[in-house]
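Here the structure is laid out as structure tokens; the discussion comes afterwards.
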Amino acid sequence: MSINILWDQQGLEGIELPVARMVEMILRREARLIEYPFLIDGYDRGRNQHDAQQILDRMQDTLTRRYEIAGPLLLITPRDLYIRGCEFVFGLARPVSSVAVVSTARLKNDYYGRVPDDADLIDRVAKEGAHELGHLLGLEHCREPECVMFRPRTLDELDRKKKMLCPACREALGA
């Protein structure tokens, strides 16, 4: 089963292919880059963030139903995301609908006042993308801090993760 990756039209250019290849390596599934017109909604002016649940609602309604995209679908966006009860999220998955979203906003070094580095960004987007896609493929959060399915709460925790599944998660995925 292949996975589908859709990049927000306002997203960064030039990192799509390296991210897709890393996701393929981590999950051992073909990753297809797809293009469809898609309106990002759920903007909250008070927070200056987008509601990740509303984005997943739109993805489910528009992309999987109207365009009939089959298989897991990941949207990568530069917009900062949140869910109710959380200050922010790096990403969010809805396994029942097979849709997920990842934000690059807090994955960039410059967000934290660090020197910008595309290699760091590609690494983080691939790990977080593989994490959310892993949920769509049936994986749960893992307690192993180096496994891609570990739930990071900070950028440093995300950076500690390796671009791989632990043996237990790999076995659960059948990869």
R143 being under 18 Å from L173 (Cβ atoms), among the charged types (D, E, K, R) and surrounded by fewer than 20 Cβ atoms within 10 Å (Cβ to Cβ) | yes
Kindly provide the set of residues from the stretch 94-107 that are surrounded by fewer than 22 Cβ atoms within 10 Å (Cβ to Cβ) and under 18 Å from A130 (Cβ atoms), ordered by number.
-> R94, P95, R106
Inspect all residues belonging to the stretch 108-118 and state whether any of them is crowded, with 21+ Cβ neighbours inside 10 Å, of a type outside the set (K, R) and either in a helix (DSSP H, G or I) or in contact with a helix residue (DSSP H, G or I) (Cβ under 7 Å, 6 or more places away or on another chain) (or both).
-> no
Does L136 satisfy the condition of being modelled with pLDDT of 95 or more and touching a helix residue (DSSP H, G or I) at 6+ places or on another chain (Cβ under 8 Å)?
-> no
Select from the stretch 39-76 the residues that are touching a residue at least 40 places away in the same chain (Cβ under 8 Å), of a type in the set (V, I, T) and outside any loop (DSSP other than H, G, I, E, B) and list them in ascending order.
-> I55, I76
Six or more apart or on different chains, Cβ under 8 Å: which pairs go from a residue in the stretch 12-29 that's modelled with pLDDT of 95 or more and among the small types (G, A, S) to one that's outside any loop (DSSP other than H, G, I, E, B) and surrounded by 16 or more Cβ atoms within 10 Å (Cβ to Cβ)? Could you list them?
-> A20/I5; A20/A31
Out of all the residues in the stretch 161-172, is one or more at pLDDT 95 or above and of a type in the set (D, E)?
-> yes
Return yes or no: is L173 out of contact with any strand residue (DSSP E or B) (no Cβ under 9 Å at 6 or more places or on another chain) and of a type in the set (A, V, I, L, M, F, W, C)?
-> yes
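The values are calculated or read from the model by the stated rules, or taken from the named source; none is laboratory data. All of these numbers come straight from a predicted model, not from anything done at the bench. As a convention, Cβ positions derive from the backbone with ideal geometry for all residues, glycine included, and neighbour counts pool all protein chains shown.
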